[in-house]
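Single-structure report; data block below.
Here, each number is a calculation from the coordinates, and none is a lab measurement. Note that the coordinates shown come from a computational prediction; the quantities given were computed from them, not determined experimentally. A quick note on method: Cβ atoms are made from the backbone with ideal geometry, for glycine too, and the neighbour counts reach across all protein chains shown.
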Amino acid sequence: MAVALVIVSHSQQVADGVRDIAEQMAGDQVVIRAAGGAADGSLGTNAEAIARAITEADQGDGVLILVDLGSAVLSTETALEMLGLDADRKVQLSNAPLVEGAVVAAVTASTGQTLEEVASAALDAKDMTKVVR
Amino acid sequence: MSDNEQIGIRIVRRIQSVIHANTAELNAFDRPIGDGDHGTNLDRGFTAVLAKIESQSDQSLAAVFKTTAMTLISTVGGAAGPLYGTAFLRISTAIPELDGDHPRQVAAALTAALGGVQARGKATTGEKTMVDALAPAVEVSNAAVEEGADTVLVLERAATAARTGMEATIPMRATKGRASYLGERSIGHQDPGATSCYLIIQAVADVVRDGSTST
Amino acid sequence: MEEAQFTITNSAGLHARPAAHFVRTAAGFESSVRVRNLSRDAEREADAKSILSVMTLGIEQGHIISITVDGPDEAAAIEALRALVEGNIDK
Ligand SMILES: Nc1ncnc2c1ncn2[C@@H]1O[C@H](COP(=O)(O)OP(=O)(O)OP(=O)(O)O)[C@@H](O)[C@H]1O
Ligand SMILES: [Mg+2]
């Protein structure tokens with residue numbers, strides 16, 4: 001299997017959309033779950049939904065979590081604590097930019113690399129070349 | 001059912017009604033330095049908390065605060081959810097049952113709450129967050145206990161310290177949370193989280209004071 | 001070490017999905033795989049197993065790329081990449 005991804009955003013549409021873009025790049029070899037929006041569907045983050053997404057995504061090879069901003073980090077850390085996974089190196093919370101990081105992480109995961117390698121590639125996505133001159 | 005078993009739900013009712021009444025004001029504080037939803041987030045959260053607690057059979061303080069914590073974490077949607085959620089979770093384990101020494105337990109609960117907020121958000125004082133209201137409340141309540149103050153007085157002093165701390169956030173530059181994205185432009189605005197923190201402590205103080213005068 | 005040159009025929013060049021296919025294919029081999037875009041900057045070399053690296057080359061339709069493979073399975077790697085690039089990489 002491959003490293004799995006979880007996409008966390010304040011907006012369900014953003015989380016679902018980023019998942020779709022990353023899935024298109026990765027083919028069907030990488031499991032990607034989205035956790036977007038507050039529990040009632042308004043803009044926000046939801047630790048419970050994030051915990052569920054992590055559990056669903058986990059295939060045993062590690063999970064990389066990508067977030068948009070603000071409370072996405074606090075809610076994800078809360079979710080990790082709820083799952084009792086905070087000390088476990090098999091789940092990592094990434095500081096990568098959401099869209100670029102998800103795409104690079106998905107492609108890198110699809111080549112069968114380890115969680116550490118996928119996480120490091122995602123971080124490098126900060127400097128992704130989009131306009132080549 | 002003893003008074004102790006009733007105090008939990010009375011506290012939650014008061015917090016919910018105070019937050020509900022101040023929703024617009026909290027949103028207004030959050031607008032210039034955040035996304036304008038702090039009141040709405042907390043109103044949604046505490047309304048859900050109250051509904052859960054009204055319908056649960058275990059009304060012990062520990063159970064009430066545990067439900068408060070879990071419900072805030074899953075319903076608030078903003079940073080305040082995990083932060084207050086962790087605070088109430090720590091409170092629920094810090095004071096499993098009220099024993100005779102209530103002033104000391106109030107101080108212990110506030111101390112536990114601060115520990116939870118800081119464990120979750122990693123903020124210290126001066127970063128323009130709820131910590132700036134909560135930390136002085138902790139300090140003052142512990143000092144009041146040492147001086148032999150009763151429960152009402154400990155809470156009154158804590159609330160006053162929280163309000164002073166809340167006002168002191170105005171000139172601060174935010175270095176945590178969404179407001180930190182604004183850098184210098186966060187200066188000159190009162191922090192919404194510090195404001196709700198003061199309101200919550202004041203609500204608890206009011207419940208306890210009302211309870212002690214009516215009995 | 002083996003080198004080969006291919007012309008990119010698919011309309012999207014090596015962006016997005018095709019680039020991901022290319023990277024996955026290269027990553028399937030033990031050999032190191034380096035790629036250059038001769039039509040843009042023949043000096044700039046990228047790691048064909050890294051999507052970020054490949055994206056720096058700005059490979060578009062009509063560009064000629066050079067692939068340098070070094071390792072135990074270099075011949076197979078060249079063939080697989082040729083089949084991919086000259087076949088229908090868009091799929
Ligand atoms: N790391 C932190 N530590 C302590 N308090 C914090 C921290 N981050 C934010 N806060 C508090 O949370 C308050 C904002 O709460 P609110 O529920 O509006 O979250 P938000 O910023 O809208 O979250 P989101 O990132 O989801 O938009 C701030 O006013 C501040 O007091
Ligand atoms: Mg807000």
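Relative protection proxy for B:181-190, B:109-118, B:131-140, from highest mean packing down: B:131-140, B:109-118, B:181-190 (other beta-carbon atoms within 10 angstrom). For the protein assembly as shown, the antiparallel share of DSSP beta bridges with both residues in that region comes to about 55%.
Round to the nearest 0.05 the FRET efficiency obtained for B:K52 and B:E184 when R0 = 45 Å and r is the Cβ-Cβ distance. Given R0 = 45 Å and the Cβ-Cβ separation, E is 0.60.
Considering only C-alpha atoms, what is the centroid distance from region B:146-215 to region A:75-133, in Å? After rounding, the separation between the Cα centres reads 38 Å.
For region A:43-132, just say rounded, prolate or oblate: build the C-alpha gyration tensor, square-root its eigenvalues into a ≥ b ≥ c, call rounded for a/c under 1.5, and beyond that prolate if a/b exceeds b/c, oblate if not. In terms of gyration-tensor shape, oblate.
Run the reach check for B:K122 against lysines, Cα to Cα strictly under 30 Å, same-chain hits fewer than 8 apart removed. What comes back? The qualifying lysines are A:K90, A:K126, B:K52, B:K66, B:K176.
Couplings 3J(HN,Hα) of region B:11-28, computed from phi: 4, 5, 4, 5, 4, 4, 6, 5, 5, 4, 5, 9, 4, 5, 5, 5, 4, 5 Hz, in residue order, whole Hz [Karplus 6.51 cos²θ - 1.76 cosθ + 1.60, θ = phi - 60°; x for Gly and Pro]. When each of B:I73, B:I33, B:I7 is scored by the number of other beta-carbon atoms lying within 10 Å, the sequence from fewest to most is B:I7, B:I33, B:I73. Residue by residue, region A:37-48 carries 3J(HN,Hα) couplings of x, 6, 4, 8, x, 7, 5, x, 10, 9, 4, 5 Hz when phi is fed to the Karplus relation 6.51 cos²θ - 1.76 cosθ + 1.60 (θ = phi - 60°); x denotes Gly or Pro.
When each of the peptides A:3-12, A:16-25 is scored by how many other beta carbons lie within 10 Å of its residues on average, the order from highest to lowest is A:3-12, A:16-25. Taken residue by residue and averaged, Cβ atoms of other chains lying within 10 Å of the Cβ of A:37-50 number 5.
The stretch between A:Q29 and A:Q59, if pulled fully straight at 0.36 nm per residue, gains 9.7 nm over its current Cα-Cα span. Using θ = phi - 60° in the Karplus curve 6.51 cos²θ - 1.76 cosθ + 1.60, the 3J(HN,Hα) couplings for region C:46-62 round to 10, 7, 5, 8, 10, 4, 5, 5, 4, 5, 5, 7, x, 7, 10, 4, x Hz; x is entered for Gly and Pro. In this structure the amide hydrogen of C:G13, modeled in the peptide plane, comes within under 5 Å of the amide hydrogens of C:Q61, none closer than 5 places in sequence on its chain.
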